[in-house]
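As C-alpha cells, the structure follows; a few thoughts come after it.
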Amino acid sequence: MQTTVAANPWLAAVEPSPIGETRRWVLGRTFPADRPLIDLSQAVPGYPPALELRRHLGELLLDPTMHGYTPTLGLPALREDYAAHLGRFYGAAITAGEVGITSGCNQAFCLALMSLARAGDQVILPRPHYFNHDMWIRMQGIEPVALDFRPGSGAVPDPEDAEKLIGPKTRAIVLISPNNPTGAVYPRETIHAFHELARRRGIALILDETYKDFLGEGERPHELFGDPSWRGTLVHLYSFSKVFALTGYRVGGITTGSALLAQIEKAMDCVSICPPRLGQEAALYGLRNLLPWARRNTEGLKARADLLGGGLKRSNRWRLVSIGAYFAYVEHPFAGRRSTDVSKRLADEENLLTIPGDMFGAGQERFVRLAFANVADDKIPAVLERLERFGA
C-alpha cells in the first residue's frame, strides 16, 4: 500500500500566492491587436535596469572572485554604502553593523518575523495585507491579527485601533508605506504614533519601505531613526528591486539594533548562506551611480499615477480609495459581487488583468488593486476606457 508523506499542516493550510492564480486566468489565451492584454497584476518595473548597470555586471562576470560566497549579512562595501544612504535620506546616524543585506525584501520580512515571534504568538497586520506577509505569518503557526482601516481614511490604519488589538501574545506590528496593496502613503505622524505605541508596549514595529524611493523628491516619510530608542523597537525593511529594476536579482535590506541583527544573521546563514553576489554588486553600483536615473523614473511614475488617479476620480462608477508608488486601490461598482468575480470577468471580457481585493484579506470584496507601474503611459487611457465600459 502506497503512503503519502503528510505536509506541514501550517503550510498546507495556506492558499497559494494570488499572482499565480490570476495568471492562470489568461494562460494559453491569445489577444487581438486592437485589445491586447494589459497586465496590472504583479508589481514589476515597466523598464529594464540601466544599460550601464547591465554592462558593468557583464564585466564582473569575467572576474573569478565574483562567484563565491560573501559574508552572511552581505558585502561590507554594500552594508557601508547602504547605511550611509539611509543616514543621508533620514538625516540620522546609521552604522554598517545595524544593516544586513538579504535575498529580497520578502526574505528580510521572513527573517525578521523568525527573529521576533514563534508559533502561538500574534502579529498585528493591517488589512488589506500584502499577501506574502500574511502567508509567511501563517506558515510559522503565528496568528495574524487584522487591523482594518476606517472608512474615509484613505486606507491608512489608526494606532488607536491597533492598541486595542495588542494582547499578551502580540510580538509585532507590521506597516508598509507607501502601501502594498493600496498605494496609501502613511502620514508622518501616523508612523510616529505606531512607533511610540510599539515602544511603549514592548513590541516591535516592522516597517517595510520597499517603495520609499517613489515619494516626492526630498520627502522624508518619518524621523524614526533620529529617536535613540529606534534600535530597540524598529525593524526596517527595504528592497533594491523596484528602485533599480532588479526584481530578478533578489536583493533587499534589513536595519535594526545589533542584538536582533545577530539573531537574524543566524537564520540567514541557514536559509541561504548569503545573498546572491551579483545582486549585491548591482545594488552597490546602483547606490553609487544610478540615483539620478532612479529619480527620473520616479518622476515618470508619478506622472502616470496622476494620469490614472485623475481618470478614476472623474469616474461615476469606480471609486478611488488610495493611490501611490506602484498601486491604486479602487472600489468596484458592482454591489453584492465579490471582487474575485469582478477581476476574473475583467480578464475575460476586457483583457485587463488585476488582483481582486479578496486576495488581500477578508472584507475586501468591494475592492480591486491596479499595479499601474507595469504599463506605459499610453496604456492608461485604455485602462480607464475598459474599466468604464465593463459591465455598463
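The values are calculated or read from the model by the stated rules, or taken from the named source; none is laboratory data. Since the structure is predicted, the reported quantities are computational estimates derived from the model, not experimental observations. For neighbour counting, all protein chains shown are included, and Cβ atoms are generated from backbone atoms with ideal geometry for every residue, glycine included. What goes into the accessible areas is simple: the full protein's heavy atoms, side chains included, and nothing from ligands, DNA or RNA. Shrake-Rupley method; radii C 1.70, N 1.55, O 1.52, S 1.80 Å.
Table: residues versus (1) at pLDDT below 95; (2) open to solvent by less than 40 Å² (accessible area, probe 1.4 Å); (3) closer than 24 Å to A43 by Cα; (4) of a type in the set (K, R).
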| residue | (1), (2), (3), (4) |
| --- | --- |
| P64 | yes, no, no, no |
| T72 | no, yes, no, no |
| E98 | no, yes, no, no |
| T102 | no, yes, yes, no |
| A108 | no, yes, yes, no |
| A117 | no, yes, no, no |
Restricting the stretch 325-347 to residues that are touching a helix residue (DSSP H, G or I) at 6+ places or on another chain (Cβ under 8 Å) and open to solvent by 10 Å² or more (accessible area, probe 1.4 Å), which is modelled with the lowest pLDDT? A325
Does the stretch 37-47 hold any residues that are of a type in the set (A, V, I, L, M, F, W, C) and open to solvent by less than 20 Å² (accessible area, probe 1.4 Å), and which are they? I38, L40, A43
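Closer than 29 Å to E217 by Cβ, in contact (Cβ under 8 Å) with a residue 24 or more places away in the chain, open to solvent by less than 60 Å² (accessible area, probe 1.4 Å) and small (G, A, S), is that true of G361?
For G361, the condition - closer than 29 Å to E217 by Cβ, in contact (Cβ under 8 Å) with a residue 24 or more places away in the chain, open to solvent by less than 60 Å² (accessible area, probe 1.4 Å) and small (G, A, S) - is not met.
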Please report, ordered by residue number, the helices (runs of 4 or more DSSP H) entirely within the stretch 202-316 with at least 3 residues that are more than 18 Å from D81 (Cβ to Cβ), open to solvent by less than 50 Å² (accessible area, probe 1.4 Å) and of a type outside the set (G, A, S). 258-272, 291-314
F31 being within 30 Å of V330 (Cα to Cα) and aromatic (F, W, Y): yes
Does at least one position in the stretch 240-249 carry a residue that is touching a residue at least 40 places away in the same chain (Cβ under 8 Å), more than 29 Å from H129 (Cβ to Cβ) and aromatic (F, W, Y)? no
Flag for A112 being of a type in the set (A, V, I, L, M, F, W, C), open to solvent by less than 30 Å² (accessible area, probe 1.4 Å) and closer than 22 Å to S241 by Cβ: yes
Looking across the stretch 324-364 at residues that are part of a helix (DSSP H, G or I) and of a type in the set (D, E), the single one that is farthest from E388 (Cα to Cα) is D358
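Which is open to solvent by less than 60 Å² (accessible area, probe 1.4 Å), assigned to a helix (DSSP H, G or I) and either among the basic types (K, R) or farther than 21 Å from F109 by Cα (or both), of A162, A193, A155? Lay out the reasoning, then the answer.
Working: A162 fails: either among the basic types (K, R) or farther than 21 Å from F109 by Cα (or both); A155 fails: assigned to a helix (DSSP H, G or I).
On inspection, the qualifying residue turns out to be A193.
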Within the stretch 165-190, residues open to solvent by 10 Å² or more (accessible area, probe 1.4 Å), farther than 24 Å from F327 by Cα and in a strand (DSSP E or B) come out as R171
Checking the conditions here, which among A50, A33, A7, A13 is among the small types (G, A, S) and open to solvent by 90 Å² or more (accessible area, probe 1.4 Å)? A33
Inspect the stretch 278-289 for any residue being more than 30 Å from G357 (Cβ to Cβ) and touching a His at 6+ places or on another chain (Cβ under 6 Å) and give the result as yes or no. yes
